[in-house]
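Derivation of every value follows stated rules applied to the coordinates shown; laboratory data play no part. Remember, it's a predicted structure, so these values are computed and weren't measured experimentally. Cβ sites come from the backbone with ideal geometry, for glycine too, and all protein chains shown count toward neighbours.
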Amino acid sequence: MSINELSARFLPNPALQRLKPYGAEERAILSMAGGVKALAAISQWEGYRPTPLLSLPTIASACGVASVHYKDEGCRFGLKSFKALGGGYAVQRLVERHGTAGMTVTCATDGNHGRAVAWGARRAGIRAVIYVHEGVSEGRAAAIAGFGADVRREGRTYDDSVRASADAASDHGWHIVSDTSWPGYEDTPKAVMQGYAVLAMEIEAEGVRPSHVFVQGGVGGLAASVLSYRWEKFGADRPVMTVVEPDKAACLFASARAKALTAVGGDLDTVMAGLACGEPSLLAWHILSPGADAFMSIPDAAAVATMRDLAELGIVAGESGVAGLAGFRLAAQDAAMRAALSLDATSRIVVYGTEGATDPDVYRALVGRSPKDIAS
């Protein structure tokens with residue numbers, strides 16, 4: 001199905017305070033100073049290099065904007081996703097604080113975060129126990145185990161496995177390394193999100209200053225991180241930011257509509273497995289609620305169509321990794337959305353390609369070609 005045949009739900013943020021300064025309350029969660037510290041640490045890791053920022057002129061032309069840049073995280077530290085910046089950095093911070101003796105870290109995951117935490121634990125020489133739910137593919141679970149983690153399958157949804165991980169940590173004295181937060185659990189998620197700020201900093205270092213950013217939701221950690229960096233630096237002159245989620249797991253959209261943190265139920269059975277989250281991060285919502293300009297929810301077919309179109313350009317992009325780009329393309333073809341977001345021929349778009357083919361079998365089933373064929 002062509003993306004031109006699809007549509008999305010769209011909600012300008014009813015709680016937006018675009019003129020609000022980025023103050024002490026926000027900086028206590030995420031800050032430019034914290035981002036600089038994270039980049040200083042991460043840039044010392046073996047294999048670090050900024051990931052490619054790809055120009056997509058054919059998509060820009062088709063969408064009637066000046067430029068589209070796609071931050072391709074498919075090669076980040078060999079993990080095929082941006083998550084190493086968060087999970088790996090948070091593990092390092094815990095080790096710096098507590099040492100390695102007897103340490104076990106744990107988390108829940110849809111795939112990419114667990115892989116990053118397992119990778120970070122192996123780097124530090126500590127144990128990792130990673131919880132996956134029944135919807136996580138065998139290929140993604142095996143990739144996590146490949147980094148030496150003890151992988152345990154428990155729960156029907158991501159939020160079920162979050163609770164299982166938290167219960168096990170309480171029982172055994174393990175350290176949770178979660179990319180979501182809840183009352184009483186905030187320090188480590190702050191480190192996870194702070195690591196994600198490296199993405200915005202790498203883009204800035206290339207001299208690209210977007211007018212609009214479309215970024216995927218999930219629990220909201222990535223979206224809050226890239227928003228916070230630009231909000232603190234540019235204030236009201238920051239880019240217009242739209243948060244994009246699967247229509248089957250749109251907890252941030254629901255929260256924006258309710259003007260309060262809101263969970264969504266159901267099976268959350270979206271093809272965008274990395275975004276199959278029913279409960280927002282408390283910390284992320286503190287940033288997104290006053291700061292994000294709009295929220296979108298998109299059908300699975302839009303992600304698959306975007307994966308296939310990128311494959312024609314020689315770009316291997318995973319199903320969760322294309323959500324921001326898919327959301328932009330849907331907005332660009334809708335007159336009301338264009339007007340609400342002030343999208344026009346001068347607009348400069350940045351999207352985050354947060355994963356490559358993290359499960360090659362799933363990728364082949366969706367795109368009809370193998371990642372290796374496209375990359376070659």
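Observations on the structure shown:
- Qualifying trypsin sites (Lys or Arg not before Pro) in the range 231-330, DSSP loop, other Cβ atoms within 10 Å at most 14: K259
- For the chain, the longest principal axis of the alpha carbon atoms and the long axis of helix 282-291 meet at an angle near 20°.
- Rounded if a/c under 1.5, otherwise prolate or oblate - the range 1-67, Cα gyration tensor axes: oblate
- A straight line joining the Cα centroids of the range 108-159 and the range 29-91 runs 22 Å.
- Taking the fewest neighbouring Cβ atoms within 10 Å as the starting point, the ordered list for H172, H212 is H172, H212.
- From largest to smallest, the equivalent ellipsoid semi-axes obtained for the range 195-304 from the alpha-carbon gyration tensor read 24, 15, 12 Å.
- Cleavage-rule hits, GluC sites (Glu not before Pro), the range 109-215, DSSP coil, Cβ neighbours within 10 Å at most 13: E134, E206
- Candidates per GluC sites (Glu not before Pro) in the range 10-104, loop by DSSP, up to 14 other Cβ within 10 Å: E46
- C-alpha center-to-center spacing [the range 306-367, the range 203-234] in angstrom: 16
- Degrees between helix 158-172 axis and first principal axis of the chain (Cα, 0 to 90, nearest 10): 20
- Reciprocal of mean inverse Cα separation for the range 294-376 (Kirkwood radius, Å): 13.5
- When the Gaussian network model of the chain links Cα atoms closer than 10 Å, the mean-square fluctuations of T306, T346, T358 top out at T346.
- Choice from L288, L341, L325 with maximal GNM fluctuation in the chain (Cα, 10 Å cutoff): L341
- The angle between the Cα long axis of helix 112-124 and the main principal axis of the chain comes to about 40°, on a 0 to 90 degree scale.
- For the range 233-371, diffusion coefficient by Stokes-Einstein and Kirkwood Rh (Cα), 4 °C, 1.567 mPa s, µm²/s: 81
- Considering the range 257-305 at the alpha-carbon level, its Rg and Dmax are found to be 12.3, 33 Å.
- Considering all different alpha carbon pairs of the range 1-127, the Kirkwood hydrodynamic radius works out to 18.1 Å.
- Here is how the number arises for the chain: DSSP H runs of 4 or more residues each give -39500 (n - 2.57), the sum is divided by the residue count, and the result at 222 nm is -12500 deg cm²/dmol.
- Alpha-carbon Debye profile of the range 84-178, log10 I(q)/I(0) at 0.25 Å⁻¹: -1.28
- In sequence order, calculated HN-Hα J values of the range 334-344 (Karplus, 6.51, -1.76, 1.60; Hz; x Gly/Pro): 10, 4, 5, 5, 4, 5, 5, 9, 6, 7, 8
- For the chain, diffusion coefficient by Stokes-Einstein and Kirkwood Rh (Cα), 25 °C, 0.890 mPa s, µm²/s: 122
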